[in-house]
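Accompanying notes for the structure given below.
No value in this document is a laboratory result; all are computed from the given coordinates. What you are looking at is a predicted structure, and each value in this text was computed from that prediction instead of being measured. When we count neighbours, we look across all protein chains shown, and the Cβ atoms used for this are built from the backbone with ideal geometry, even at glycine.
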Amino acid sequence: MAYYICGSLKDLSASMIKSKNFMFATQRSAYLSIITFVFSFFILTSAWAQSDTTDVESTDQPTTEAATSQGGISSDPAVITAGEALFQGNCRACHAVNQKLVGPALAGIYDRQDMDWIKAFVKNSQAMIASGDEYSVALYEEYNNTMMTSFNFSDEEIESIIAYVKFEAENAAAAAETPEGVPEDGTTTTATGPSKYLTAVIVGLVVVLLLILIVLFLILGFLTKFLKERKDDLDEADREMIDQKFDFGKLTRNPAFIGIVAFIFGIFVVKAVLDGLYQVGIQQGYAPKQPIAFSHKLHAGQYEIDCNYCHTGVRKSKSANIPSANICMNCHGQIKTESPEIQKIYAAIEENTPIEWVRVHNLPDLAYFNHAQHVAVGNQECESCHGEIKEMEVVEQFAPLTMGWCINCHKETNINTKGNAYYDNLVELHSQHSKEPLKVEDLGGLECAKCHY
């Protein structure tokens with residue numbers, strides 16, 4: 001095969017010796033091939049770099065069954081769910097199930113005291129302490145003479161909280177066996193590079209370009225050597241063409257080379273300008289200094305205080321609400337009272353002046369957003385828009401909050417229709433036309449008037 005190719009090249013060269021521009025055309029093809037290779041390689045590697053994706057894989061995790069009803073504590077899932085809601089909204093700021101926070105860990109309280117004592121203490125701990133109850137007084141003294149807030153809960157509500165505490169305590173071991181890095185909802189987010197198919201295509205194209213470039217240089221070298229051996233058959237112009245040396249300075253003065261470089265430079269300039277224009281009004285990463293150094297990492301992360309405890313409007317209002325100073329005082333009336341940052345809260349209360357928090361997330365007036373609609377109805381977690389808030393010492397804007405970002409979310413988010421009769425007819429109609437799950441966009445989530453009116 002190699003002999004056949006060399007013979008063909010010799011015949012081709014002999015037939016074109018008389019051509020004045022043959023060598024020039026061959027060299028020009030090689031130079032243009034180099035430039036094409038470099039430009040193509042840049043485009044391909046750029047596409048490769050920008051093709052990072054996040055694959056979300058479903059991992060079937062074993063679910064724990066509800067604890068068997070013992071000692072009058074219900075194991076009904078509905079009761080446990082109701083108790084969880086009450087615990088998260090009222091107890092979480094001071095208590096955890098399996099560890100001490102501001103108050104004692106609640107696991108096992110149903111074994112240490114009977115249900116009547118628990119109900120009495122929750123409803124009026126001050127009266128229990130004043131009555132001289134031994135266990136109540138011991139708790140009061142152990143926790144720095146701090147009295148628990150009294151709650152006007154019904155007996156059924158207190159029982160549901162205890163049911164949730166018991167369920168969490170008994171299933172803590174099962175939860176600890178969950179593979180590390182796998183969230184409780186059974187999904188794992190794995191940052192990967194480009195897909196295997198895209199990688200194969202890019203590698204294949206690069207290999208082909210390299211082979212073409214090598215073949216072109218081999219052809220050019222072979223023809224140059226062949227023609228040099230037959231200088232006597234060439235005229236003066238062709239001999240000068242063969243003997244000429246590569247002149248980089250001459251190449252840089254070549255109009256075609258200048259045009260290609262100018263074109264590539266122009267592409268970079270246009271891209272930089274467009275990227276800059278697209279960033280106008282986007283404050284992603286904005287993390288202003290606040291008047292009080294409040295740490296979400298400490299409160300929401302380490303102490304696991306539920307977001308709803310401070311941001312009381314998130315499930316029932318358009319706005320999540322900035323917590324008032326009295327919410328801070330529920331804990332800091334007794335805890336870290338000497339801290340300079342806590343003293344700022346005391347000063348604001350004494351002077352009757354609001355704490356001037358700096359707004360971090362600020363949508364334009366032309367856009368409507370409702371927290372309750374997304375959190376209470378859409379079951380969206382705070383992290384969906386605000387990122388890993390539990391890891392932030394200083395809150396920053398996690399998402400771009402652009403129109404495109406919101407639209408993509410509406411296109412990709414499945415609606416949780418299970419157990420909700422409101423969606424039954426909609427799901428039935430949707431299933432007649434599509435095998436895909438019902439998404440927000442299928443219910444008008446992309447209509448302009450939903451967010452702009």
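Okay, here's what the table says:
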read-out	value
Residue pairs, from the table Lys228/Lys250; Lys123/Lys316; Lys344/Lys390; Lys418/Lys439; Lys390/Lys418; Lys289/Lys390, whose Cα atoms sit over 21 Å apart	Lys228/Lys250; Lys123/Lys316; Lys344/Lys390; Lys390/Lys418
Region 402-453: relative contact order as a whole-number percent, Cα under 8 Å and 6+ apart	45 percent
About the Cα centre, charge dipole magnitude for region 327-453 (Lys/Arg +1, Asp/Glu -1 at Cβ), debye	280 debye
For Ser319, Ser136, order by how many other beta-carbon atoms lie within 10 Å, fewest first	Ser319, Ser136
Inverse of mean 1/r across different Cα pairs in region 402-453, Kirkwood, Å	11.9 Å
Taking Met392, Met147 and counting other C-beta atoms within 10 Å, the order from fewest to most	Met147, Met392
Net dipole in debye of region 402-453 [+1 Lys, Arg Cβ; -1 Asp, Glu Cβ; about Cα centre; nearest 20]	100 debye
Computed over region 77-177: relative contact order in percent, which uses C-alpha pairs under 8 Å that are six or more apart	40 percent
For Lys439, residues with placed amide H under 5 Å, excluding near neighbours	Ile415
Relative exposure of Leu216, Leu106, judged by other C-beta atoms within 10 Å (fewest first)	Leu216, Leu106
